[in-house]
Amino acid sequence: MADVDAGRYTIGVFKDVASAERGIEALKRQGFPSDALSLLAQEGGEVSGLAQKVFGHVPDRLEVPGIGASVAAGSLLQAVGGDADLKQSGLAAALKRVGFQAHDGRIFETLTGRGGVLVAVRTEPRAADALATLHCYGGGNAAIGAWTGRV
């Protein structure tokens, strides 16, 4: 697979859909546009509705190793190599493409597999702002991938 600049992502995992929605709304109030956001969660009642509300379309459905039947929306899916790579390698391995260490990927995969809602923000110039917001609104283990130290 060729090296590509997949962008910088800040990721946090919320305990449930209601918490994720509050976090996403806070990000949007701070000026992060919907096209900078991504979401990945186990398939279930409310998560598809949240994805439709945020992204304006039905989320992609896929089977992710370690997580199971899932829905995803946003640019993170393409940045990690598309749904085929995600289906084959799992979330932990796929997140290496956007600069996360293997242990971070395993934590995100485990939390999402336990029913958490992964929210990612693509924005290097404001990565610290996104990180603070994810933390403030309950985004567990929030971290910046491929961070170069420029804020």
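Laid out as a table, the results:
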item	result
Selected residue (only one of 27, 39 is part of a helix (DSSP H, G or I) and modelled with pLDDT of 95 or more)	27
Which numbered condition residue 77 fails, given (1) modelled with pLDDT under 95; (2) in a helix (DSSP H, G or I); (3) in contact with a strand residue (DSSP E or B) (Cβ under 6 Å, 6 or more places away or on another chain)	(3)
Residue 92 of a type in the set (A, V, I, L, M, F, W, C) and within 22 Å of residue 137 (Cα to Cα)	no
Residue count for the stretch 8-23, restricted to those that are part of a helix (DSSP H, G or I) and within 13 Å of residue 136 (Cβ to Cβ)	3
Of all residues in the stretch 94-111 being free of Cβ contacts under 8 Å to residues at least 12 places away in the same chain and part of a helix (DSSP H, G or I), the one that is surrounded by the fewest Cβ atoms within 10 Å (Cβ to Cβ)	103
Residue under evaluation residue 58, criteria (1) surrounded by 14 or more Cβ atoms within 10 Å (Cβ to Cβ); (2) out of contact with any Lys or Arg (no Cβ under 9 Å at 6 or more places or on another chain), criterion not met	(1)
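The values are calculated or read from the model by the stated rules, or taken from the named source; none is laboratory data. In this text, all values refer to a predicted model and were calculated from it rather than measured experimentally. Heads up, the Cβs are rebuilt from the backbone with ideal geometry, glycines too, and the neighbour counts pull from every protein chain shown.
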